[in-house]
Amino acid sequence: MDTVVELGEWLNLKKIKFVATNEPRHAMDVVMRNESIKMLVVDAYMSRMSGYSLVAAISSQMPTSRRLRFIIITGHPTEDDYEIAERLGVSAFLEKPLDLDALERVLRNNLMD
Amino acid sequence: MPLRMSWFVGSRRKISPWLLGFLLGCAGWLINQFPVPFGWNTQFLFGNAIALVAIRSIGPAVGVMAVSIASAETILRWNHPWAWLIWTVEAIFLAVSEKRIPLIIADFLFWVALGIPLIVLTYGVLMGVGPDTLILTAQKQPTNGLINVILAELLYIGLSKARKICRLRQLPPLSLHAVISTVLVAFTLIPGFLILSAQAQMKNSSLNLEVREKLLKATNNVKTRFDEFIRDHLATTATLAKIIVELRIEERAISSLDPGAVRTPASDLNWGQLIPVRIDCLDEKQALEKLKQSLAQMNLGRQDFSIVNRGTYVDFVIPLRDESGQFCRVTHSVSKKVFERQILDWNPSTGITAILLNGKQKIALGKPAHSIDVLPIQNISGDEMVEVHQTKPMRFGLSLLAALDNTLWARAVDLRSGLAWRAVLIYSPKSEMGLLRSRQSQILTILLALTALSIIVALSIGYFISRSLKGSASRISNREIGSTYLPSAFREISEINKEIDEMERALRNTQQELKINQDHLNTFLSHAPLIVYRTKITGESRGDVSFISKSVSRMLGYSTEEAGEKEWWIRNLHSDDRNAVIASFSSVSPGTAIEHEYRFRAKAGNYFWLHDTFVTLKEYSGECIGIGFLFDITDRKDMHYQHLRAARMANLGEMATSMAHELNQPLNTIKIAAFNIKTRLEMGILDRESCEARVERIIRQTDRAANLISHMRIFGREPAAQAVPFQLIDAVQGALTLVEYQLDALGILVNIDIPPGFPSILGHLTLMEQVFVNLFVNIRDAVKYRSSASEADNLEIMLTASVKDAVIEIKVSDNAGGIRIDILDRVFEPFITTKQLGDGVGLGLSISYGIIGDMGGSIDASNVGDGACFTIKLPIAPKFPLNPPAAGK
């Protein structure tokens, strides 16, 4: 919870609009309803649903025209993680503890185009 | 209980041996009351035989006492203590030599060396019996003694048989020598004795008859001659008296036909003054003839005559009364020699003596060898032959045999009636008896010589047989393999020897096989990687080692002697294990096996882990022994610990990823918060409130990381060697500390249901924690790999604990999909995993299985509903642990 709060604080400071939630299902609803959401940042481990599952679920339901980027935060990405990420079309992996400069670079790169 | 020969055979009831000996002695005394006559006052007594049995069957001292009691009868019977003395000495001699030589031979030796000299001393010197009697006694007594010993030995054999039949304690058997010599001597002596005895009785009665005949003849002869003599001499005296009356001789005188007669008045006839008148008669025959003629007309009553013994003369007295009425008497003195010649006109070598009796008057005719005054012949009635003794026969100190030497046979006869004279004829059968006795003693000599010969023959037969038998026996006992035996003179023994040879061959083969087996066994025992031992069982506890295989020196460094020392085993138990080990070995019972693993100090001082399997057996004797096997399981134990360590390391490895994740979580928050502060600083908008919130968050997350790390350190610690009781809830919470954030992150709820006051578990807290961590991590991984979020909405772990029948049951179940069916049976095997590389190597459950097993419990896996369920069963920790943990541990 603390992480989400702090991350929100940082996004505010960077003037990036965001919706924060602890619930994967809520996130999915929000993403599906808001076409304006360009990017989904998820933790690989979440309650009731892994980040991968959420990404897989959204990308399977999302219209092909929509360009939604996925960024997965994980503690220790393994080969398998990379493989799954590639298959799911994940844009970037970010390791914990989060390097916020790197996150900013990834956000800027992906949100600018 | 029926009285079955109880005192005689020696019943199960305890009777004092002395009382038994006394009873046997009394029985002997009773039997001695019935002697077997051997002629002429010689008697055989067999009562001692029954008393002699006591020497062998009861005891030497008791036997001597019994014989002494039995033979005391002879003191009264024979009027002297010497037979009793000699027989008692005989018994002592037999008692002393009973164990060494056969009794019959001992007895023979006794009589030769001691008995006969004693007889000569006592009978010959002290009692003064004649040489014939002495010789006979010196032969009779040994014969009697030997027969008694034979009877005693035969009785003993019979007694042994009787005891065998009655199933009483066996008496010691007789030696071969004893049996052979007894039997041989018995066959020599007993028939000889019986024949001699019968013959003696016959000869005795025939001698009696002979003497009777002789005396009868003699008495008749004496009677006839006496009558004749009296007639003649009284006639002469009467004639003389008549002449005197007719001639009116003034002097009443006694006339003697014997010119040399000395006339003295007969004092015992107080018939008046005696006036000796001498009538010289030159021609005696003429004068007598004259007298006879004149006397024919006289009528003189016979009753008027009397005969008076007057020393060397015999007076014939006729009392006279003349016309004046005056009494006078005529005495006719006859020289006793003449009288004797006339009456005892037979060969004086016949040895018959005649004694004429009339009231107190006695006239001894012949040459009596005895003083007639002491002979009790007054009351002998006529026509009967009786024994008379010069001395009192029952006088103490006079042997019956000696008394018999002085015994006379007497026969009385009334002589002329009216005269009141009786003749007693006495005859001493000494010479006849002497002859017969010397014959008897000759035969006895032959018998005794035969006895000696029998003994020699018996000894040699016995010697040869026993040498052969002993040779055979020693071949068996010495186990001289291939020894040649002495060829025996007896076919049976040769056959025995052949049998022994065959037995020996078979035995040798068996022995060799046995030896080979023994060698093999020894080799096994000394080289096998185990120690075999045997212990005593004291009460119900394991006792000291009575046997231990040589491998003990190789494995533990102790010699077998050291291992046999008192309390070797208990002393060398590890102090931590000692109480528990002693407790488990303190109630052994036959047929049960006890297994225990414990540390044991080797001689070098280091400890070995031993696995001890101990079985209690009941031997044929009813005694209990313990047999045990010690295996060195130090390596296994080491491996077990290494395995545990490795497993823990593996666990740590497995957990490293989740730990990283677990730590990344706070670090992540801290970093972002710090970054936010930094960003605000750069932007110059750092307000106090925001800053405090960030710092608070950083502190909180730091604490969280620190807490995690400190528990990791506890978890990584080596478990204590000693199991201690702990609470289940502590183990569960410890495990949760390590994994709860991961579980929480995955939204897994953990429901714990442990009732309050739940019993303690004996074991290692950290190991139990590890078990739970393994289970939780497995659930975590199962959730992580789920591909779909739809599988379950409310993920949860249920941990419930209960107690059933003193067994703690812990169930850990989840709803994360369960275990794959194909590996359900193998989940506890090592390296079985469904996890992806890097998450685990498949050791977790196998380690858990080992940990629970070590705690004496079990763990099972099953699929229940929508998830897996692990059931752990554990024993309740004892209220008072066997090894209370040392203070400060």
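The Cα center of segment B:132-178 and the Cα center of segment B:446-473 differ in position by 17 Å. With distances taken between every two different alpha-carbon atoms, segment B:67-132 has a Kirkwood hydrodynamic radius of 12.5 Å. In this Cβ point-charge picture (+1 for Lys and Arg, -1 for Asp and Glu), segment B:526-609 has a dipole of about 200 debye about its Cα centre. Taking amide H as placed 1.01 Å from N in the peptide plane, the amide H of residue B:313 sits under 5 Å from that of B:336, each at least 5 places away or on another chain. Between the amide H of residue A:73 and those of A:42, A:43, A:44, A:94, distances stay under 5 Å, these residues lying 5 or more places away or on another chain, with hydrogens modeled in the peptide plane.
By other beta-carbon atoms within 10 Å, ranking B:803, B:424 with the fewest at the front produces B:803, B:424. Annotation: average projected area of segment B:499-559 is 6.4 square nanometres, based on the convex hull of Cα atoms across all directions.
Report the rotationally averaged projected area of chain A based on its alpha-carbon convex hull, in square nanometres. Computing the convex hull of the Cα atoms and averaging its projections yields 6.8 nm². Beyond a 19 Å Cα-Cα separation, which of these cross-linked pairs lie in this structure: A:14/A:38; B:811/B:873; A:17/A:96; B:550/B:618; A:38/A:96; B:536/B:618? Exceeds cut-off: A:17/A:96; B:550/B:618; A:38/A:96. Counting charges near residue A:36 (Lys, Arg +1; Asp, Glu -1) among other residues having Cβ under 11 Å from its Cβ returns a value of +3. For residue B:815, the residues whose modelled amide H falls within less than 5 Å of its own, excluding neighbours fewer than 5 places apart on the same chain, are B:796.
With contacts taken as Cα pairs under 8 Å and at least 6 residues apart, chain A reaches a relative contact order of 21 percent. Couplings for segment B:450-466, taken from phi via the Karplus curve 6.51 cos²θ - 1.76 cosθ + 1.60 with θ = phi - 60°, read 5, 4, 4, 4, 4, 4, 5, 4, 4, 4, 5, 4, x, 4, 5, 5, 5 Hz in order; Gly and Pro are left as x.
Per-residue Karplus couplings for segment B:169-177, computed as 6.51 cos²θ - 1.76 cosθ + 1.60 with θ equal to phi - 60°, are listed in order as 4, 6, 7, x, x, 7, 6, 4, 4 Hz, Gly and Pro entered as x.
Taken together, the values in this text are just the output of simple stated rules run on the coordinates, not laboratory data. For clarity, every value in this text was computed on a predicted model and none was experimentally measured. Here Cβ is always computed from backbone atoms with ideal geometry, including for glycine, and neighbour counts include all displayed protein chains.
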